[in-house]
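Enquirer: First, the structure itself, so that you have it in front of you.
Just so it is clear, none of the values below were taken in a lab; they were calculated from the coordinates. If you're wondering where the values come from, they're calculated on a predicted model, not measured in any experiment. Cβ coordinates were reconstructed from backbone atoms using ideal geometry, including for glycine residues, and neighbour counts include every protein chain displayed.
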Amino acid sequence: MTNRKIAYWVIPPKTDGEFVAHMEAVLALYAKPYDPDCPVICMDEQPVQLHKETRRPIPATATQPKRVDYEYERAGTACIFMFCEPLVGWRQTTARKRRTKTDWAAEVADLMEGRYADCPKVVLTCDNLNTHTIGAFYETFEPTRARALVERIEFCYTPKHGSWLNVAENELSALTRQCVNGRRFGTIEKLQDEIAAWSTDINNTQRGVDWQMKIEDARCKLTSIYPKIKI
């Protein structure tokens, strides 16, 4: 039997009105000019396996790279939360032990009551994972605080199988390539220090995200997913 390589990809649906509706909502949102009173935030999350070294690594020298033993000890898992504001080129990355409703609500609340405390409204773009709901705030905070948060958040969900529409997913991909891949993090504290250093460096050196795709482009290039209207 011949072995063939398999490429795993997010395959978009064919002729799906719901997909199109959510896609165009996201694209319309990205096309809007910057509004400091109603900033657009994108968020995504990613699990990470923690690994401890079983032997002390040998530091790099002028002629030899750093040498790390191939054996490691599993130290549990963590979850990276990525928040970004594309139009101003800002990113925040945090690590938590879990990715429950409470963890997500706490992360969003920290932003709403911190960086965005003076914003009357915030548009939050995320996927429709069952933890990303307004009910999560009521399961985490007392009703008065939960309501105060919910009233200031407008959700814009990416369509199922359309995670590529979320700028935060692209930022997570960059974080993974530039900071996480090929490295071992034995504790969640070490992971947090490294991803925070990454986001600080990127925020200081990169400008805002230049999103190119518009609704007109989607209607031209993604015709296969648009329902065919019979007249």
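Enquirer: Which one of ILE41, THR63, ALA168 has its Cα pushed farthest toward the positive end of the charge dipole of the chain, where Lys and Arg give +1 and Asp and Glu give -1 at the Cβ?
Expert: THR63
Enquirer: To continue, here is another question. Using 5 Å bins from zero, what percent of all Cα-Cα pairs in the range 130-231 falls into each bin?
Expert: With 5 Å bins starting at 0, P(r) equals 2, 8, 12, 13, 12, 18, 16, 10, 6, 2, 1, 0, 0.
Enquirer: May I ask which of LYS14/LYS160; LYS97/LYS160; LYS14/LYS230 have a Cα-Cα span longer than 22 Å here?
Expert: LYS97/LYS160
Enquirer: So, one more: Using mean Cβ contacts within 10 Å as the protection proxy, how do 182-193, 126-137, 90-101 order, highest first?
Expert: 90-101, 126-137, 182-193
Enquirer: Ratio to report: Rg/Rh of the chain, with Cα atoms as the point set and Rh obtained by the Kirkwood method; give two decimals.
Expert: 1.03
Enquirer: Please report Rg (one decimal) and Dmax (integer) in Å for the Cα set of the range 109-172.
Expert: That works out to 12.7, 35 Å for Rg and Dmax.
Enquirer: What size of dipole, in debye to the nearest 20, comes out for the range 80-162 about its Cα centre when the only charges are +1 on Lys and Arg C-beta atoms and -1 on Asp and Glu C-beta atoms? Display every interim value, and only then the final one.
Expert: Numbers: 12 positive and 11 negative charges, 54 e Å.
The dipole of the range 80-162 has a size of about 260 debye.
Enquirer: Could you state the angle between the C-alpha long axis of helix 188-205 and the longest principal axis of the C-alpha atoms of the chain, as a value from 0 to 90 degrees rounded to the nearest 10?
Expert: 60 degrees
Enquirer: Tell me, what ³J(HN,Hα) does each residue in the range 82-95 have, in order and in whole Hz, if you take phi through Karplus 6.51 cos²θ - 1.76 cosθ + 1.60 with θ = phi - 60° and put x for Gly and Pro?
Expert: Rounded to whole hertz, the list is 10, 10, 9, 10, x, 6, 10, x, 10, 9, 9, 10, 9, 10.
Enquirer: Could you tell me the relative contact order of the chain? Use alpha-carbon pairs under 8 Å, at least six residues apart, and round to a whole percent.
Expert: It comes to 31 percent, rounded to a whole number.
Enquirer: For VAL48, enumerate residues with amide H under 5 Å from its amide H, sequence gap 5+ or separate chain, H modeled in the peptide plane.
Expert: Amide H to amide H, under 5 Å and 5 or more residues apart or across chains, VAL48 pairs with ALA78, CYS79, ILE80.
Enquirer: Separate question: Return one number: the angle in degrees, 0 to 90 and rounded to the nearest 10, between the long axis of the Cα atoms of helix 17-31 and the longest principal axis of the Cα atoms of the chain.
Expert: 80 degrees
Enquirer: Ranked from highest to lowest mean number of other Cβ atoms within 10 Å per residue, what is the order of the peptides 210-216, 197-203?
Expert: Top to bottom by mean Cβ count within 10 Å: 197-203, 210-216.
Enquirer: Counting helices only, and only those DSSP H runs with n ≥ 4, report the 222 nm mean residue ellipticity of the chain as the sum of -39,500 (n - 2.57) divided by its residues, in deg cm²/dmol to the nearest 500.
Expert: Computed mean residue ellipticity for the chain: -9500 deg cm²/dmol.
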